Amino acid sequence: MHKYRIPFNIPYLAGNEYAYISEALEKGHISGDGSFTMRCQEILKEQIGVKHALLTTSCTHALEMMALLINIQPGDEVIVPSFTFVSTINAFVLRGARPVFIDIREDTKNMDEKLLADLITPKTKAIVPVHYAGVGCEMDAILEIAGEHNIPVLEDNAHGLFGKYKGRNLGTFGCMAAQSFHETKNISAGECGALLINDDAYIDRADIIREKGTNRKLFLRGQIDKYSWADIGSSYLPSDIIAAFLCAQLEEREKIQTLREKIWKKYEAELRDWAVVHGVALPQIPDCCEQAYHMFYLILPSQELRAALIRHLKARDILSVFHYVPLHLSTFAQQYGGKPGDCPVTEDISDRLLRLPFYNALTEDEQASVVTALKEFDWRAS
């Protein structure tokens, strides 16, 4: 039972989740790297076009594995947008890195690549673009700048599964990418993630780090007669029960993406004229990008109007939510010198962005109710 008639998100069942979980139980292997884990990894590898894919317990853990794989040390700097979830940078701060926050573009809400070169120092160890709302960052420019300084690019692709930039899948541009299958994502397993690897140099060590720092995978392949502690690491393997759930979703990826595309385009078509009249900005998708249809948001003229619209929708039993609070203004970031004005676009957008209900099973009637409620909002009384 949901608190709201139309909540912000509802978990989705693609069809075979229960059957696959039962199959995993019957096989008697429900710990990590069972048959469903392998199936999921092969789907990701083949459909995205990466060299190696490893399921993880979360996108956060995939990011933490990246930090380990590039040997982040205390004092290293990592460039990251301030407009992102805390996991994007926490993974590196855990290893002693200092965040260097970059502002976002007005149009896509992605890292502003024009600001990137000026933020690079001899201590810069990684650049972490985040494909906000599943719309690709300007990867050509980012990769060119990173290449000039020999800095690895690590994609946070939590929103961008099956999105593309210039015809190429997001998650294939950096040496590594992190993927999310959290409950709110297009394709979900509740809590789950994946590390995608595009550089052969990281593959063997990634397997070891993911297996608690042991070379157990070599043992299971019969390449060594016993396994031992070989490196730092942790337990990043999800249960095969989780992988079974995820496998059912991944197999229905085309259906899921079609559903979400229909919902996104309906919002855009129904709200286009309304938005112009009231000075509301809708998502902008550059011609070079094929978005992942992860979310639909509005940029209201002011923070006060956003708050009023949230209250208006709640009164009609509809839950809408804002998104990230600028990381550079957070309490924790004060130790790194974060202050108002450092990322002005982020600060402005964060105050005015509102996300609408968007989930795979959102019905036409429910979506029509959301649209009607938006159009009934009394701007004069706000």
Open item on the list: Criterion first (modelled with pLDDT of 95 or more, of a type outside the set (Ser, Thr, Tyr) and part of a helix (DSSP H, G or I)) does Ala201 satisfy it?
Closed with: yes
Open item on the list: Being in contact with a helix residue (DSSP H, G or I) (Cβ under 6 Å, 6 or more places away or on another chain) and either modelled with pLDDT under 95 or charged (D, E, K, R) (or both) is true for just one of Arg311, Arg306. Which residue is that?
Closed with: Arg306
Open item on the list: Anything in segment 137-172 that is without any contact (Cβ under 8 Å) to a residue 60 or more places away in the chain and closer than 21 Å to Thr60 by Cβ? List them, or say none.
Closed with: Cys137, Val153, Glu155, Asn157
TODO: Please specify each residue of segment 325-374 satisfying the condition of being exposed (fewer than 13 other Cβ atoms within 10 Å of the Cβ) and part of a helix (DSSP H, G or I).
DONE: Gln334, Gln335, Pro344, Glu364, Asp365, Ala368, Thr372
TODO: Tell me, please, whether a residue that is of a type in the set (Asp, Glu), under 30 Å from Ile21 (Cα atoms) and surrounded by 19 or more Cβ atoms within 10 Å (Cβ to Cβ) can be found in segment 237-250.
DONE: yes
Open item on the list: Just to be sure I understand the filter: pairs with C-beta atoms under 7 Å, separated by 6 or more residues or on different chains, first member in segment 293-311 and surrounded by 15 or more Cβ atoms within 10 Å (Cβ to Cβ), second member modelled with pLDDT under 95 and hydrophobic (A, V, I, L, M, F, W, C). Which pairs pass?
Closed with: Arg306/Phe322
Task: Scan of segment 257-280 for residues that are in contact with a helix residue (DSSP H, G or I) (Cβ under 7 Å, 6 or more places away or on another chain) and either without any contact (Cβ under 8 Å) to a residue 40 or more places away in the chain or of a type in the set (Val, Ile, Thr) (or both), ordered by number - done: Ile263
Open item on the list: Can you find a residue that is farther than 24 Å from Ala158 by Cβ, hydroxyl-bearing (Ser, Thr, Tyr) and not in a helix (DSSP H, G or I) anywhere in segment 14-36?
Closed with: yes
- [ ] Could you please let me know if Ile120 is modelled with pLDDT of 95 or more and buried (at least 19 other Cβ atoms within 10 Å of the Cβ)?
- [x] no
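The values are calculated or read from the model by the stated rules, or taken from the named source; none is laboratory data. Note that this is a predicted model, so its numbers are computed, not measured. Ideal geometry is used to build each Cβ from the backbone, glycine not excepted, and the neighbour counts take in all protein chains shown.
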